[in-house]
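Please treat every number below as a calculation from the coordinates, not as lab data. As the structure is a computational prediction, the values presented were derived from the model and not from experiment. Every residue, glycine among them, receives a Cβ derived from its backbone with ideal geometry; neighbour counts consider all protein chains shown.
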Amino acid sequence: MRRDMRPAGATEAPVAGQRCGLIAIVGKPNVGKSTLLNALVGQKISITSRKAQTTRHRITGMHTQGATQFVFVDTPGFQTLHGNALNKSLNKTVVGAVADVDLILFVVEAGSFTPADARVLALL
Ligand SMILES: Nc1nc2c(ncn2[C@@H]2O[C@H](COP(=O)(O)OP(=O)(O)OP(=O)(O)O)[C@@H](O)[C@H]2O)c(=O)[nH]1
Ligand SMILES: [Mg+2]
């Protein structure tokens, strides 16, 4: 069908072999999720810092390899220890992001798996 004859809202016809997947980067606060996203994408698109709760919204970054497109979603650190309003709001953002993806990349600090990590993992 000619492009200008397609009904409104119709998507491009899929090209054989093309694939696209959504991957959420999830973990407790300050474990290096945003640093990992930046490394995977090859650009500094998500703010990183030594302070926990740096990421406040979902941040999306793309990496294309051949016919495959990886869409990474950086999320705020999931807080299981304190239930204040900010933490509740950030946790809600994580739960929303996780519901929309094909795959979850669960991040822990190298060589350290704590009860807080286990609580985040249990939620997934
Ligand atoms: N030594 C070391 N430090 C790291 C590594 N990855 C990240 N960091 C540092 O850890 C700190 C936190 O990194 P972020 O990427 O901001 O962590 P985050 O999980 O996104 O943090 P929140 O968004 O606050 O949950 C920063 O000071 C990073 O430079 C790593 O592999 N090794
Ligand atoms: Mg972050």
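List of remarks:
- Within the stretch 60-75, being outside any strand (DSSP E or B) and either more than 9 Å from the chain's Cα centre (by Cα) or surrounded by fewer than 18 Cβ atoms within 10 Å (Cβ to Cβ) (or both) holds for Gly66, Ala67.
- Any hit, the stretch 102-116, residues being in contact with a Phe, Trp or Tyr (Cβ under 6 Å, 6 or more places away or on another chain), under 13 Å from Ile23 (Cβ atoms) and either free of Cβ contacts under 8 Å to residues at least 40 places away in the same chain or loosely packed, with under 13 Cβ neighbours inside 10 Å (or both): no
- Subset of the stretch 28-59 [near ligand 2 (Cβ under 8 Å from one of its atoms), within 17 Å of Ala97 (Cβ to Cβ) and over 14 Å from the mean Cα position of the chain (by Cα)]: Thr54
- Residue satisfying all of: in the stretch 26-57; buried (at least 18 other Cβ atoms within 10 Å of the Cβ) and of a type in the set (D, E, K, R); nearest to ligand 1 (Cβ to nearest atom) among these: Lys33
- Hits in the stretch 38-58 - residues which are assigned to a loop (DSSP other than H, G, I, E, B) and either of a type in the set (S, T, N, Q) or in contact with a Phe, Trp or Tyr (Cβ under 9 Å, 6 or more places away or on another chain) (or both): Gln43, Ser46, Thr48, Ser49, Gln53, Thr54, Thr55
- Here Gln65 passes the criteria (1) closer than 29 Å to Ala16 by Cα; (2) in contact with a strand residue (DSSP E or B) (Cβ under 6 Å, 6 or more places away or on another chain) except the one numbered (2).
- When Val120 is tested against (1) part of a loop (DSSP other than H, G, I, E, B); (2) in contact (Cβ under 8 Å) with a residue 40 or more places away in the chain, exactly one condition is not met: (1).
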